[in-house]
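Before any comments, here is the structure.
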Amino acid sequence: MFVDKAEIIIQSGKGGDGAVSFRREPFVPNGGPDGGNGGKGGDVVFLADHSLHTLMDLKFRRKYKADPGQNGMGANKYGKSAEDLVIRVPVGCVLIDEASGAFMADLSQDGDRFVAAVGGKGGLGNSNFKNSVRQAPNFAEAGSEGQKRTVALELKLIADVGLIGLPNVGKSTLLAGSTGAKPKIANYHFTTIAPNLGVVELGYSTFVLADIPGLIEGAAEGAGLGHDFLKHIERTKVLIHVLDAAGSEGRDPLEDYHTVRREMAAYSPLLLEKPEIAALNKMDVCDRESEAFRVLLAELDSEGVRYYEISAMTKEGVPALMKAAQALLSEAEEAAAAAAVPGVSDQSRWMRVARIEDDPDYRDIQIEAAEDGAYELSGKQLHKIFRSTNFNDPGSLGYLNEYLKTSGAIRKLKARGLRDGDTIRIEDFDLEWYDDAK
């Protein structure tokens, strides 16, 4: 089953918590803090794998969560970092952040890797909080939370040459006649509802040929199989535009040609810049002396369109068409190589997924007025420090209090009318405020 779209929820692993521990050894009185740091949580990594050809597995399993890092231990032992969660996808997979709609990565080469969710940073053990004033800190830092996001995956076909054209013009027959592929062939629209691939062998040279689903007028707006058609031809280097030169079923091959070109231009003008040749198919039943056929040739000549007369059914003219496609492909690859900038990777335009701590709003603290008059505080860094607080230890409470001051939260609260005896609420914990500076 060919599946080229999926949407999954990913979550990287939480960082391990730092340890609260003190040296307990014979003949070492009043041992100092020796709590180790927590390990890093696992990243969620997408990996392009050439052995995969569909997103079917991701279609039916929607949630992926990496393991958390190990908590720190005594004797300054660090927790073990978690293994990354690797999600394998076919080559040609595009990742999009569902929340923002932002492009994340284009895994167009076998082995391409992209970290889509960074694992949480491990928390610091209590040995890191010792200083000349705080000799025995009875608290440690909690590990950072992992990142959670919804990712839309879209598979765009990877092929050298693509067969384009309206439905029922003979694309599948041409693919079958020029490669070892066995696509479904029948005399009705949309026989091909998913791309079919085959390998064309020309002596020692080979290239991948794709039969791409046909489209109808309005495809650029999503009509019929329009988007399925158009997104796959973005990948191909050369296009073979198949036309029904015999005018079967009353169709006008010239109008068909212009219909496909209009839809390509509406979807992306860049598609019109791809090297293209026309294949005038069904010549075994075409009336070469008809007025319609002479008009078709004259119009293609006037527009400078390179074309080959073929019969996909009898294979007449097919070898010459494939040789022409191979020559165009070689030219396109040489041009792309010449235009490439040495040392500059296409990955430079991929999204940079930062750690939670690197987010611009990580240190921001939001203040809301509760119905009971309390000041409710929230913020990513605030919640991390709050979860690290030991409320039975004066030193730990002092650390939280100092953070509220240095972060600017107390200054903002005073500007909003904070007075002694007022309640500051963080998550589900209420703190009664008294200004120790008075």
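The values are calculated or read from the model by the stated rules, or taken from the named source; none is laboratory data. Here the structure is a predicted model, which is why all the values come from computation and not from measurement. Methodologically, a virtual Cβ is constructed for each residue, glycine included, from the backbone with ideal geometry; neighbour enumeration extends over all protein chains shown. Surface accessibility is based on the protein's heavy atoms, side chains included, excluding ligands, DNA and RNA. Shrake-Rupley method; radii C 1.70, N 1.55, O 1.52, S 1.80 Å.
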Within the chain, helix-based [θ] at 222 nm, where runs of 4 or more DSSP H residues each add -39,500 (n - 2.57), nearest 500: -7000 deg cm²/dmol
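What does the charge count around Lys237 come to, taking other residues whose C-beta lies under 9 Å from its C-beta (Lys +1, Arg +1, Asp -1, Glu -1)?
Working: positive: Arg235, Lys274; negative: Asp160, Glu333.
Result for the local shell: 0.
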Phi to ³J(HN,Hα) by Karplus 6.51 cos²θ - 1.76 cosθ + 1.60 over segment 132-148, Hz, x for Gly, Pro: 5, 8, 9, 7, 9, x, 9, 8, 9, 8, 6, x, 5, 5, x, 8, 10
For Gln147, distant residues with modelled amide H under 5 Å away: Ser12, Val118, Gly120
Under-5 Å amide H pairs with Glu316, H placed in peptide plane, nonlocal only: Ser311
Per residue value of the accessible surface for the chain (all protein chains in place, 1.4 Å probe), Å²: 50 Å²
Interchain or long-range residues, amide H under 5 Å from Gly74's placed H: Gly36
Coordinate range along principal axes, alpha carbons of segment 347-425, Å, largest first: 55, 29, 21
Candidates Glu98, Glu357, Glu303: whichever shows maximal mean-square fluctuation once the chain is modelled as a Gaussian network with Cα springs under 10 Å: Glu303
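Give the whole-number value, in cubic angstrom per residue, of the convex hull volume spanned by the C-alpha atoms of segment 280-436.
334 Å³
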Equivalent ellipsoid semi-axes - Cα gyration tensor, the chain, angstrom: 65, 24, 16
Karplus (6.51, -1.76, 1.60) ³J(HN,Hα), θ = phi - 60°, over segment 59-76, in Hz, Gly and Pro reported as x: 5, 10, 10, 9, 10, 9, 9, 7, 6, x, x, 6, 5, x, 9, x, 6, 6
HN-Hα J in Hz across segment 31-48 - Karplus 6.51, -1.76, 1.60, θ = phi - 60°, x for Gly and Pro: x, x, x, 9, x, x, 7, x, x, 6, x, x, 6, 9, 10, 9, 10, 6
Pair Arg355, Arg251: separation of 7 Å Cα→Cβ label points (nm): 5.8 nm
The chain, relative contact order in percent, only Cα pairs under 8 angstrom and at least six apart counted: 13 percent
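Please report the carbon-and-sulfur percent of the accessible area for segment 300-438; probe 1.4 Å, protein heavy atoms only, DNA, RNA and ligands left out.
Here carbon and sulfur together make up 49 percent of the probe-accessible area.
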Under 17 Å from the Cα of Lys65 - lysines, other chains or at least 8 residues apart: Lys14, Lys40, Lys121, Lys148
Residues in segment 155-177 that a label on Arg262 would reach, taking backbone N under 17 Å of a point 7 Å out along Cα→Cβ: 165-167
Solvent exposure ordering (accessible area, 1.4 Å, most first) of Lys5, Lys171: Lys5, Lys171
